[in-house]
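What follows is a single structure, written as structure tokens, with notes after it.
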Amino acid sequence: MKRALLLSLILLAADSFSQPAPEAVFSGLGASLGRYPRVTAKLTYDRRQAAQGGMIYAVARAESSDAEAIRLSEGVVTTSGGLLSRAAVEARAHRVLALILSRASWGPGPTLIVDEPKFGPSKPGPGGLSRRVVEGTRPRKVAEGEVVTIDALQGTLQLYAAEDQQGELDFAEAVRAFEGLRDPQSLAHWFESRVDSGGALLAARVADESAERLLAGTVSASDFDKVVKSLQAALPQAQVGRFASDAKALAARLASENADATVDAAVALKEAGTESAARRLLDETAAARKRLAAAAVTLGSPAAAQPSAAAFSAFEKAANARLAVLKGVDSDWRAAAAAAGAAAPPSARLGGDFYRRFLDDNGLQPLIDDMSENASLDLRLKSERIRAAIVGAKLDGDSQLGKDIVTAAPEGDALHVETAEDSQRFVPRAKLLEAVKRAWASYWNPGPFGLRKRQGETLSPEVLIESAVPAEVSGLLFSRDPGTLLRDRVVVEAAWGERETLDEGDAPADEYSLDRRTGREVLPAVVAGKRCLTPGQLEAAARAARALDGHFGAAVEARLAWTGGKLSVLSVKIIASPRAIIVPSVNPMSAPAPDVEGVRSLR
């Protein structure tokens, strides 16, 4: 959702409880979009607190011991490294929102310190609102337990006045219950307890937040309808007309954004190189259009959806024509990479049948079913117990299942083991079976576990095993800007040697922002001296980015390795999605289609 955040010069004074103006907003770099790109929670510096879940974890430089804290946090804030920093890599691996505040500093404790604007006297502003002009800055410590909002798409950290923090936290928890527990009453009760202080403006905020979830596909149209009807019923009669006007304005804005997303999908459609990619773009755009139409009806403005309907009609015609051209054209992503001049390592995919055999061998299914449905346990406790049961179960090389896994794995003394929820790099072959158990357990992390329960899905886990490629240079490739999803940029981070992340003491990674078409840098280098990649290698990376983006019809993140100047593309994930998808090394038509519903790319 595009929002105008005034980052440094002006903060508009809020005229009601509906949306308190942040005390301050600080700009950074979104390093992981997470499952939803904006989250509000209490901030903690304590990894033990973070590992209990539900908080935003702030860490100066993440270490291996921070993995559990990052995986179970609502979000992560760090100040060092870039997209290859351990915090960023761990956050993306587990689809946790992450923000890098490179201009912030650390005090004792540790305590995060940001430069807070100092405002002068209030002055009249547009629309009768007052404004305060920045007259300087002063250091601002972010306290343990302080309620903050981080937004990966905007790349911002928001702080609130002490009197507003509990209200923001209560609202965030009500939204999480609505989205995570399919409980429309959570938002209704929150609104009813505050309607006297907020009125129609507060109702508009609740409608806005819940509409975002509807268009992202994480809540149903019927639940959104229940929320809006509860808002209308609770409003004083004098406020009903104001809310109706605000609701129509919201419908118009949603329709405009949907039309923009349809145009963006049309651009991706022209580049789609396979039938499955074009089909997915058509299906996703149709689903988004259907959700918009439902939202417009609920908001009392069905006509608002008509312009987006015209945009979709044109897109649908183009999609059907493209499908006719691509009929029968499908291949593994490796073929697309090869066509762009990049190699790929040997790999194997363990389908759901391997997981089911593991459960049968250990008699785990009844235990998992019992814990999953135990109403006395909260989601995080259920998740913890199920994961512990899987990791603790028997799987060794003497069993038939263990032998089959070892036989299926590609050659190599070191392997990469990945799922949609986890990434284990450079696993020794002797530790493969333990890594596979951890990979299966990752599907029971609170995020994916809760999502399956909300949507009534059954688990069909897949594990990708790849040979580790000896690399002179290793890095990450983003086929679109990872912070904004702008499609005209390709971003590459690379460092010397074989590595998954950059640790303390390592030389900083080189970051390259490339023109999508030419592969030439569009931003000057921030460091002098010899860099990891030559202009020719960057052009090769941009070709691979275009090929992979076109193959999937979506933004992707790929691991790269260069040996003897030759580019290899390792594992690939679709990132412009509520659910990052690990891409199996098989014909994608035989695997479940990646779920990228609700993506509203910013152009």
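What follows is calculated from the coordinates using simple rules that are stated; it is not laboratory data. Source: prediction; values computed, not measured. Glycine gets a Cβ as well: all are built from the backbone with ideal geometry, and neighbour counts include every protein chain shown.
Between the DSSP loop rule and a limit of at most 14 other Cβ atoms within 10 Å, which GluC sites (Glu not before Pro) in the range 26-80 are left? Qualifying residues, ordered by number: 63. When only alpha carbons are used to place a centre, the range 436-496 and the range 239-264 end up 33 Å from one another. Each label point was placed 7 Å from the Cα along the Cα-to-Cβ direction; for residue 60 and residue 566 their separation is 4.4 nm. Under 16 Å of direct C-alpha separation, and excluding same-chain neighbours fewer than eight residues apart, residue 123 reaches these aspartates and glutamates: 15, 135. Taken over the range 195-326, lysine pairs spaced eight or more positions apart, or on distinct chains, with alpha carbons under 28 Å apart number 8.
Cross-link candidates for residue 403: which lysines have Cα within less than 22 Å, leaving aside residues fewer than 8 places away along the same chain? Partners within reach: 394, 431, 437.
Taking label positions 7 Å along the Cα-Cβ direction at both residue 253 and residue 458, the computed distance is 4.2 nm, reported to one decimal. Full extension of the segment from residue 321 to residue 170, taken as 0.36 nm per residue of separation minus the current Cα-Cα distance, would add 49.5 nm. Estimated purely from DSSP H runs of n ≥ 4, each contributing -39500 (n - 2.57), the mean residue ellipticity at 222 nm for the chain is -13500 deg cm²/dmol once divided by its residues.
Each distinct pair of alpha carbons in the range 24-159 adds a 1/r term; the inverse of their mean, the Kirkwood radius, is 15.2 Å.
Each Lys or Arg adds one and each Asp or Glu takes one away; over the other residues whose Cβ falls under 14 Å from the Cβ of residue 184, this sums to 0.
Listed by chain and number, the lysines whose alpha-carbon sits under 19 Å from that of residue 141, ignoring those within fewer than 8 places in the same chain, are 42, 118.
A simple packing score, the average count of other Cβ atoms within 10 Å per residue, orders the peptides 77-86, 107-116 as 77-86, 107-116, with the highest score first. Dividing the mean sequence gap of close Cα pairs (under 8 Å, 6+ apart) by how many residues the chain holds gives a relative contact order of 14 percent.
Ranking of 175, 267, 569 by neighbouring Cβ atoms within 10 Å, starting from the fewest: 267, 175, 569. For the range 253-346, the set of chymotrypsin sites (Phe, Trp or Tyr not before Pro) satisfying both a DSSP loop assignment and a count of at most 14 other C-beta atoms within 10 Å is empty.
With K and R counted +1 and D and E -1, the other residues having a Cβ less than 15 Å from that of residue 144 yield a net charge of +3. Between residue 242 and residue 364, the simple spin-label model (points 7 angstrom out along Cα→Cβ) gives 5.5 nm.
In plain terms, the chain from residue 68 to residue 283 could stretch by 73.8 nm, reckoned as 0.36 nm per residue minus the Cα-Cα distance. What the Cβ-Cβ distance of residue 193 and residue 388 gives, at R0 = 51 Å and to the nearest 0.05, is a FRET efficiency of 0.85. For a test of the definition: using alpha carbon positions, the gyration tensor, and the 1.5 limit on a/c, classify the chain as rounded, prolate or oblate. Taking the square roots of the gyration eigenvalues as a ≥ b ≥ c, the chain is rounded.
Listed by Cβ neighbour count within 10 Å, with the fewest neighbours leading, 215, 377 appear as 377, 215. Annotation: peptides 44-50, 32-38, 88-94, 395-401, ranked by per-residue average of other Cβ atoms within 10 Å with the highest first, follow the order 88-94, 32-38, 44-50, 395-401.
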